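Okay, structure first, notes after.
Bear in mind that the values in this text are calculations on the coordinates, not laboratory data. Quantities reported herein were computed from a predicted structural model and do not represent experimental measurements. Don't worry about glycine lacking a Cβ; one is built from the backbone with ideal geometry, like all the others, and counts go over all protein chains shown.
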Amino acid sequence: MRTAEITRKTKETDITANLELDQSGTVEISTGIGFLDHMLTALAVHGGFSLVLNAKGDLNVDGHHTAEDVGIVLGMAFKEALGDKSGIMRYGSAFIPMDESLGFCALDISARPYLVFNAQFANERVGEFDTCLTEEFMRAFAFNAGITLHLRCEYGSNDHHKIEALFKALAYALKAAVKRNSDGNCVSTKGVL
């Protein structure tokens, strides 16, 4: 089983995540930010993995530290669960419609972290979640997981739908990329990732 348990405690946040890539089912998320909980639940359910994540952060300041640090911890969990990354498909991409919005994700689990993020939001917040934290979460996740991650909102008018389309596109791209390949070999001309 490809699993990881990560705990990270700073002066700003205290986060624990348990991730199982090969088993869907258990999804329990508590960050103190309802919309972020909703997005992480969608990520796990649509990605087909189990995730138990608890975060306590300095929400009296704002949601930035919590969202970014959750991205860090989740990225670390993916990196640990994938080990040397041999035997995975490596690449994944998905277009996901969410009502009037369309999100796109393409990624490479390459150990070469990078983020290209192209999405515009009309509102500062969705619920208690600052919409600008979508990019911060994705950057922290990509860099700590070692993923080249491209995300784009093709179009849309409702910020909730646009962000949800991006999280679900990430979920389906991850699902394809972490899938085991037929021969168990590393998909790289270098022989390692």
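Examine segment 155-167 for a residue that is assigned to a loop (DSSP other than H, G, I, E, B), buried (at least 18 other Cβ atoms within 10 Å of the Cβ), in contact (Cβ under 8 Å) with a residue 24 or more places away in the chain and at positive phi, and state whether such a residue exists.
yes
Looking at SER182, SER110, SER101, which one is surrounded by 20 or more Cβ atoms within 10 Å (Cβ to Cβ) and farther than 27 Å from ALA55 by Cα?
Among SER182, SER110, SER101, only SER101 is surrounded by 20 or more Cβ atoms within 10 Å (Cβ to Cβ) and farther than 27 Å from ALA55 by Cα.
Go through segment 28-49 and give me each residue that's surrounded by fewer than 18 Cβ atoms within 10 Å (Cβ to Cβ) and over 13 Å from the mean Cα position of the chain (by Cα).
Residues satisfying the conditions are GLU28, SER30, GLY32, GLY34.
Are any residues in segment 8-27 of a type in the set (Gly, Ala, Ser) and surrounded by 22 or more Cβ atoms within 10 Å (Cβ to Cβ), and if so, which ones?
ALA17
Name the single residue that is nearest to LEU107 (Cα to Cα) among those in segment 119-147 being among the acidic types (Asp, Glu) and part of a helix (DSSP H, G or I).
In this case the residue turns out to be GLU135.
Which of (1) farther than 21 Å from ARG8 by Cβ; (2) of a type outside the set (Lys, Arg); (3) out of contact with any Lys or Arg (no Cβ under 9 Å at 6 or more places or on another chain) is the odd one out, the single condition ALA119 does not satisfy?
(3)
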